[in-house]
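Take a look at the structure set out below.
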Amino acid sequence: MKKGFCLHGILLCLGIAYCSHLSSSRRSSKLRQSYHGHHEKGKEGQVLHRSKRGWVWNQFFVIEEYTGPDPVLVGRVRLNLHSDVDSGDGKIKYILSGEGAGTIFVIDDKSGNIHATKTLDREERAQYTLMAQAVERETNKPLEPPSEFIVKVQDINDNPPEFLHENYHANVPEMSNVGTSVIQVTASDADDPTYGNSAKLVYSILEGQPYFSVEAQTGTIRTALPNMDREAKEQYHVVIQAKDMGGHMGGLSGTTKVTITLTDVNDNPPKFPQSAYPMSISEAAVSGDEVGRVKAKDPDLEENGAVKYRILDGDGAEVFEITTDYQTQEGVVKLRKTVDYEEKKFYSLKVEAANIHIDPRFLSRGPFKDTATVKITVEDADEPPIFMDPSYNFEVFENAPADTIVGRVHAKDPDAANVPVKYSIDRHTDLDRFFNIQEDGYIKTTKALDREEKDWHNISVIASEASHNAFSRRVPVSIKVLDRNDNAPEFPEPYEAAICENAPMNKNVLKITAVDKDDTANGARFSFNFLPEHTHTNSNFTLRDHRDNTASLHIGRVSFSRQKQKIHLLPIVISDGGIPPLSSTNTLTIRICSCNSDQSVISCNDEPLSLNAGLSTGALIAILACIVILLVIVVLFVALRREKKEPLIVFEEEDIRENIITYDDEGGGEEDTEAFDIATLQNPDGINGFIPRKDIKPEYQFSPRDLGLRPAPNSVDVDDFINTRIHEADSDPTAPPYDSIQIYGYEGRGSVAGSLSSLESASTDSDLDYDYLQNWGPRFKKLADLYGSKDTYEDDS
């Protein structure tokens with residue numbers, strides 16, 4: 001579109017340039033910028049004024065989007081000198097600086113003509129600020145200070161209008177009046193709104209007539225037709241055009257699409273598609289079962305199309321009901337009461353469907369409701385037997401013999417065939433099988449009942465057709481067990497009391513009462529008495545019946561003595577008021593205690609109380625016996641272990657002394673004393689006293705061996721010597737256990753003979769003197785004879 005208006009732009013540019021050139025001389029005085037020079041002092045004090053100079057140029061404008069082959073002449077700058085007019089001889093040089101100088105704008109340094117070398121776009125930049133200066137060409141000396149001027153880019157209509165959105169979406173209610181505002185669309189033009197009509201827009205509608213119109217100046221879309229029906233057409237597509245140049249020919253334009261949707265209003269009443277609806281229901285159906293559904297169609301949406309159903313009239317209005325399914329907008333016909341095919345085979349209902357939300361603006365379009373008829377046929381079904389009563393309650397006395405009649409249930413077949421009915425008892429409700437039922441419906445007991453064990457029996461009786469067990473019905477039967485006076489009253493708990501020896505006469509000792517498992521009709525009245533024989537033999541106590549099912553025990557005239565009798569057992573006879581009356585004898589325990597004068601107890605034989613609260617005497621004796629037996633076993637075990645000489649774990653098959661156990665653990669050295677006292681092994685002479693052995697018990701008292709040397713017999717028997725030492729070691733109570741390996745690092749206190757080692761001896765035997773062996777005693781006589789004979793022989797020779 002820009003190329004289409006290229007010629008128009010060039011002609012307009014040339015016309016403006018020509019007009020500007022003609023009027024340049026007229027406006028030169030107005031556009032002249034004065035420059036005042038500095039004062040100069042002449043001769044004899046005369047002050048000379050420098051002549052005024054001024055810049056003269058055309059008004060600078062350049063048209064945008066020029067695409068000619070030559071640069072566009074923007075204008076000419078010229079320095080006007082009153083005394084020295086620029087004659088164009090080239091002595092003056094013009095220099096251009098500022099925005100775009102040298103790139104967009106260039107100046108002829110001789111003539112001062114300014115050209116635009118590039119195509120300009122006003123929408124990118126509307127004006128440029130430049131500086132012009134005149135200097136002497138040879139010396140570059142400024143003739144005038146630089147002067148600032150502006151080059152404005154003149155606008156042409158090169159930008160079409162553009163809408164803010166490519167597509168618009170709007171809603172308007174159906175049936176709206178003509179002129180109802182729908183939406184406002186807005187377009188913008190990048191051209192200069194202050195220059196010409198390039199940015200003056202006019203809106204028009206291209207598509208969407210005759211339903212909608214648009215305001216030319218504002219772009220507001222309005223409805224143009226009345227009674228637009230959403231149910232006929234819901235959506236419209238409208239095309240809006242915006243054109244610049246005030247809509248005149250040659251202007252540029254832009255379009256946008258608007259999708260307009262009609263929203264729903266309640267302008268349609270519901271309508272039944274048919275006037276009558278046939279339905280059927282089985283007589284076997286129960287209350288709440290669905291019979292069928294009806295639906296009135298309403299083309300409106302959501303709440304505008306919401307419909308509510310109700311029954312207006314009909315002979316089945318009490319038997320059936322209709323509810324609204326708001327999910328499907330259907331009327332659901334349900335059974336309210338059971339129907340009987342034998343009684344009534346057909347029902348008729350008149351139902352109504354009406355809108356819930358009604359718009360009063362559209363009442364003239366008719367009543368927003370409709371009616372239809374529902375015809376319901378009752379179908380025959382094989383029904384199970386029906387009991388005459390919904391439930392049965394019977395009574396029977398406890399302890400009644402078996403086969404006692406409790407009551408009778410009755411059921412019949414409601415069908416026309418009148419099939420015989422058979423009865424049974426649901427054994428899940430009668431696990432103990434207390435009852436049986438006969439074919440005629442009589443219920444009997446199978447065993448005697450005990451009211452105190454269970455006073456109510458709730459069973460379920462099943463009635464079914466004799467030929468078809470699947471058709472059955474059940475009824476609850478409650479049987480109450482009536483009470484008989486078969487339980488005697490008794491103490492609710494064992495009564496015990498403690499009184500002092502010096503208790504005063506008529507002191508209230510204890511208040512007693514009784515309980516009776518029988519019903520209150522047979523056991524509500526209790527009486528308390530002593531046994532007749534007790535009344536005459538013992539007058540220490542008196543019993544007072546309070547006539548309110550309680551009695552109190554009081555002390556008689558006789559004082560008490562613990563030495564004579566510590567416990568008094570009083571038999572109490574309790575009788576009830578049943579028919580026939582029953583009684584029982586209960587024992588009341590009274591303990592006699594020694595007390596101070598202020599009736600505070602000093603001692604009282606309360607062992608039975610503690611035994612009753614805790615363990616019995618037999619249990620305590622058994623516990624003590626077990627403890628004694630355990631102690632005896634421990635003592636015998638210790639005694640036997642001490643008497644044995646061998647460890648208890650020695651087996652008969654092997655001797656532990658023959659086993660050598662090697663341990664790689666080097667232990668803790670001399671500081672490791674957990675196994676034995678290493679100091680004893682290092683210095684056995686330092687033992688103070690005897691250390692008893694832990695594995696055997698010495699059979700006799702052994703005195704420590706004399707560590708000195710004892711004379712040996714002349715003839716030495718090695719076997720006897722070793723056996724003797726072994727026996728001494730086994731019998732020594734201070735020796736370590738015989739089954740251990742001991743390491744001795746002690747070599748003794750030394751010997752009078754000194755060292756017998758030959759490691760430090762001379763290389764020859766001639767240097768050795770063995771005469772001292774003669775002085776060592778009988779033990780070394782053999783050695784003295786062997787080594788001393790040489791010396792003797794040498795002496796003899």
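Tabulated results
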read-out: Matching residues in the range 155-179 - criterion: being open to solvent by less than 70 Å² (accessible area, probe 1.4 Å) and over 55 Å from the mean Cα position of the chain (by Cα); value: 155, 156, 157, 158, 159, 160, 161, 179
read-out: Selection count, the range 247-264, where residues are open to solvent by 10 Å² or more (accessible area, probe 1.4 Å) and over 19 Å from residue 160 (Cβ atoms); value: 4
read-out: Number of positions in the range 407-451 that are farther than 19 Å from residue 391 by Cα and free of Cβ contacts under 8 Å to residues at least 12 places away in the same chain; value: 4
read-out: Spans of strands (runs of 3 or more DSSP E) in the range 193-245 with at least 1 residues open to solvent by 60 Å² or more (accessible area, probe 1.4 Å) and in contact with a Lys or Arg (Cβ under 9 Å, 6 or more places away or on another chain); value: 202-207, 235-243
read-out: Matching residues, the range 336-367, being without any contact (Cβ under 8 Å) to a residue 60 or more places away in the chain and within 16 Å of residue 277 (Cβ to Cβ); value: 346, 347, 348, 349, 350, 351, 352
read-out: Residue in the range 486-508 that is outside any strand (DSSP E or B), more than 18 Å from residue 588 (Cβ to Cβ), in contact with a Leu (Cβ under 8 Å, 6 or more places away or on another chain) and in contact (Cβ under 8 Å) with a residue 12 or more places away in the chain present; value: yes
read-out: Enumeration of residues in the range 537-595 that are open to solvent by 40 Å² or more (accessible area, probe 1.4 Å), closer than 15 Å to residue 495 by Cα and not aliphatic (A, V, I, L, M); value: 585, 587
read-out: Any chance residue 241 is farther than 22 Å from residue 161 by Cα, out of contact with any helix residue (DSSP H, G or I) (no Cβ under 6 Å at 6 or more places or on another chain) and not aromatic (Phe, Trp, Tyr); value: no
read-out: Members of the range 115-130 that are of a type in the set (Asp, Glu) and over 17 Å from residue 158 (Cα atoms); value: none
read-out: Qualifying residues in the range 476-508 (those that are of a type in the set (A, V, I, L, M, F, W, C) and open to solvent by 30 Å² or more (accessible area, probe 1.4 Å)) - the one modelled with the highest pLDDT; value: 482
read-out: Total residues in the range 597-619, condition open to solvent by 80 Å² or more (accessible area, probe 1.4 Å) and at pLDDT 70 or above; value: 4
read-out: Considering residues of the range 283-299 that are assigned to a loop (DSSP other than H, G, I, E, B) and under 28 Å from residue 231 (Cβ atoms) only, the residue most open to solvent (accessible area, probe 1.4 Å); value: 295
read-out: Cβ pairs under 7 Å, 6+ apart, first in the range 577-591 and touching a residue at least 12 places away in the same chain (Cβ under 8 Å) and closer than 25 Å to residue 567 by Cα, second open to solvent by less than 20 Å² (accessible area, probe 1.4 Å) and not hydrophobic (A, V, I, L, M, F, W, C); value: 584/489; 590/568
read-out: Given (1) small (Gly, Ala, Ser); (2) modelled with pLDDT of 90 or more; (3) open to solvent by 40 Å² or more (accessible area, probe 1.4 Å), index of the condition residue 190 fails; value: (2)
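The values are calculated or read from the model by the stated rules, or taken from the named source; none is laboratory data. On a predicted model such as this, the values are computed, not experimentally measured, just so you know. For neighbour counting, all protein chains shown are included, and Cβ atoms are generated from backbone atoms with ideal geometry for every residue, glycine included. Accessible surface is based on the protein model in full, side chains and every heavy atom, while ligands, DNA and RNA are left aside. Shrake-Rupley method; radii C 1.70, N 1.55, O 1.52, S 1.80 Å.
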